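Enquirer: One structure follows; several queries about it will come next.
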Amino acid sequence: MKDRVYNFIKKRCLLLWTILAALTLTSMYVSAEYLGENSVMKRVVIADSEQKAMFSSNILEENGEKVYQPKYVSALSEEDKVQGKAYDISLLLWNYSRNNPSKWYSQDIKYTLTATLVKQDGTPLISEGLDENKTIMILKDGEEKCKLNSLSLSGNFSDTLIYKTSGTTDNTYTIRFSNNWNLQDDTNICVQLIATPDKAGNADKYKDISKIGAIIGLRELQSMGSSGWQVYLNEQRSGGDPKDYDAYNLVVTGSGNADIILTIDTNKLEFNKYFYDENLRIKNFTAEEVVYTKPDENGIATMNIKADASKNRGTEEKPEYRNRYDIQLYKKYDSNTIDPENWSFFAEDNGSAMSEGVWLIYKVNTDES
């Protein structure tokens, strides 16, 4: 009996080896496939390492001292100016990483916030040519902490992010540009803000957090025609970095009527199909209100929105007037994916072909245009 078993195994040795090898290769393939699928988590691993940066801001960023961040605002009316309104930008400092608000720094963060008048490229401005009546103030809880103009080109003050065992903390400031700011001519008058942890002579203190900064200037909000329609990315206006987002929220809002034409490079971005697809969309758009044209051979697609805030899109019994469209844009991830370096990937249509680095352009056509 033993001889028969032995001879059986001996004769089928090659078959058994083949089966064993196949099982081993299958195991290797499954393992490789599993690792391949999890390679997409690389961005999460990077984000996890960034959790150590528990001194952060909605505007300021590490190594951002020379990074220009325009803030888009609508021009104040004469009535607004009479009422004392100004151009206010919110600045927040946090004791946690933006990527992980569930963890916060384990002690108080004492820091100095330095403000300097500079050009967009970070070159310090000089008093000559500056109007002393045009000011940039930093306020906290309505109290002036720092004021810049031609007579005072820089200033600073100290503050503290208080550690709490119960949760995160933040300090909120207002960057106030005076209401006589010229949104066309004063674009190269900016404020450089740098928040530096105060080590108080102790080199080992705050070794795990870095100073953060940015250059902030005002720009006039574009695409505001006589019809009153405007187009913008919500994340851009909130002061974020485009690389921090896997998707963006495009807002089309206003009054009157206009044709909003969006042109997109679908090799880089794609519209949320639940917005435009006739069979999938959630909103009950009227005929021809939102028309999507599929990508051409180069991957360029368009969406045309016939916006009319005065038109009843519903019924007499249940009227519906639409003055806002919220459209989600998703990054397309593949082996050729490159994150945008700045917000210039989103631009106004200038009548020419989409240039390198531009993924989305918009145009507002009105009866007057």
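None of the figures in this text is laboratory data; all of them are computed from the coordinates on show. Not measured: the values here are computed from a predicted model. Cβ atoms come from the backbone with ideal geometry, glycine included; neighbour counts cover every protein chain shown.
Enquirer: If we restrict to alpha carbons, what Rg and Dmax does the range 73-132 come to, in Å?
Expert: Rg, Dmax (Cα atoms, Å): 18.2, 48.
Enquirer: Another one. How many angstrom separate the Cα center of the range 70-123 from the Cα center of the range 301-344?
Expert: 28
Enquirer: Moving to a separate point now. Against the 2.2 N^0.38 Å scaling, with N counting residues, where does the range 189-303 land? I'd like the Cα-based Rg ratio to two decimal places.
Expert: On the way: Rg = 21.1 Å, N = 115, 2.2 N^0.38 = 13.4 Å.
So the range 189-303 has a normalised radius of gyration of 1.58.
Enquirer: Cβ under 12 Å from residue 294's Cβ, residue 294 left aside: what net charge do those residues give with Lys, Arg +1 and Asp, Glu -1? Display every interim value, and only then the final one.
Expert: Working: positive: 273; negative: 270, 277, 296, 297.
Around residue 294, the surrounding residues sum to -3.
Enquirer: Show log10 I(q)/I(0) for the range 146-256 at q = 0.16, 0.20, 0.23 Å⁻¹, two decimals, from a solvent-free Debye sum over equal Cα scatterers.
Expert: Here the Debye-derived log intensity ratios amount to -1.08, -1.30, -1.40.
Enquirer: Which residues does the label zone of residue 81 cover in the range 119-139, counting backbone N under 14 Å from a point 7 Å along Cα→Cβ?
Expert: Taking a point 7 Å out along Cα→Cβ of residue 81, the residues of the range 119-139 whose backbone N falls under 14 Å are 133-135.
Enquirer: While we're on this one: Just order 351-360, 142-151 by mean Cβ neighbour count inside 10 Å, highest at the front, would you?
Expert: Details: 351-360: 12.7, 142-151: 14.4.
Descending mean neighbour count gives 142-151, 351-360.
Enquirer: Next question, about the same structure. With a Cα-only, solvent-free Debye model of the range 243-315, what are the log10 I(q)/I(0) values at q = 0.23 Å⁻¹?
Expert: Reported log10 I(q)/I(0), two decimals: -1.20.
Enquirer: Shifting gears a bit: Net charge within 14 Å of residue 198 by Cβ-Cβ distance, Lys/Arg positive one each and Asp/Glu negative one each, not counting residue 198 itself?
Expert: Working: positive: 110, 199, 205, 207, 211; negative: 108, 159, 204.
Computed value for this residue: +2.
Enquirer: Next question. Going highest first, how would you order 188-198, 96-106 by mean Cβ packing within 10 Å? If you can, show how the numbers build up before the last one.
Expert: On the way: 188-198: 21.0, 96-106: 16.3.
Final packing ranking: 188-198, 96-106.
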